[in-house]
Amino acid sequence: MADGETLIVVGAAIIRDGAVLAAQRAEPASMRGGWEFPGGKVDPGETEEAALVRECREELGVEVRPLRRLDREVPFPPRPEGPPAVLRLWTAELVSGEPRLLEHLALRWLTPDTLDEVAWLPTDLPFIGDVRAALRPGVPGPLVDGR
């Protein structure tokens, strides 16, 4: 990554049977206990979709298929040790495997009515309304085409 470039972080809103998977962070200590959509950094030369598949495999032991990217990105708070970063959230379907606790403290499947029952991390929180809409059949969500 060249100086001045923005680091892209992708998150997966893995949807199954009208619910989305939420993951409780274990690390770093400053985020421990907060809830997020699983995912991680896009490596140089990697597409967002490939990063999403790789991160879900590493973090949850599952195979996913990215579907659509939500039409927003949320900046992370400034970090002294690295470039600016933004979170982009993708809807995804579970292709194989059952999510396991490999890097997180807990996992929960949340419905539109239970999305507010966990303490979302500040960067993931702005996506909750969009995810709620995506979980409701027949409600168009703010989606953009993938690349």
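The values are calculated or read from the model by the stated rules, or taken from the named source; none is laboratory data. Everything quoted here is computed from the prediction, not taken from an experiment. Reconstructed Cβ throughout: ideal geometry from the backbone, glycine too, with neighbour counts over all protein chains shown. Heads up: the accessible areas ignore ligands, DNA and RNA and are worked out on the full protein's heavy atoms, side chains in. Shrake-Rupley method; radii C 1.70, N 1.55, O 1.52, S 1.80 Å.
Within the stretch 23-45, the set of residues being under 12 Å from residue 59 (Cα atoms), aliphatic (A, V, I, L, M) and not in a loop (DSSP other than H, G, I, E, B) comprises just one member, 23.
Residues that are of a type in the set (Ser, Thr, Tyr), under 19 Å from residue 65 (Cα atoms), at pLDDT 95 or above and surrounded by 15 or more Cβ atoms within 10 Å (Cβ to Cβ) do not occur anywhere in the stretch 96-103. A Cβ distance below 9 Å, combined with a sequence gap of six or more or placement on separate chains, defines the contacts here; from the stretch 58-84, residues that are buried (at least 18 other Cβ atoms within 10 Å of the Cβ) reach residues that are part of a loop (DSSP other than H, G, I, E, B) and of a type in the set (A, V, I, L, M, F, W, C) in the pairs 59/102; 60/101; 60/102. Apart from one condition, residue 123 fits all of (1) of a type in the set (S, T, N, Q); (2) open to solvent by less than 30 Å² (accessible area, probe 1.4 Å); (3) under 20 Å from residue 18 (Cβ atoms); the exception is (3).
Conditions (1) within 29 Å of residue 117 (Cβ to Cβ); (2) of a type in the set (Gly, Ala, Ser); (3) touching a helix residue (DSSP H, G or I) at 6+ places or on another chain (Cβ under 8 Å), marked per residue:
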{"position": "16", "(1), (2), (3)": "yes, no, no"}
{"position": "42", "(1), (2), (3)": "no, no, yes"}
{"position": "63", "(1), (2), (3)": "yes, no, yes"}
{"position": "82", "(1), (2), (3)": "no, yes, no"}
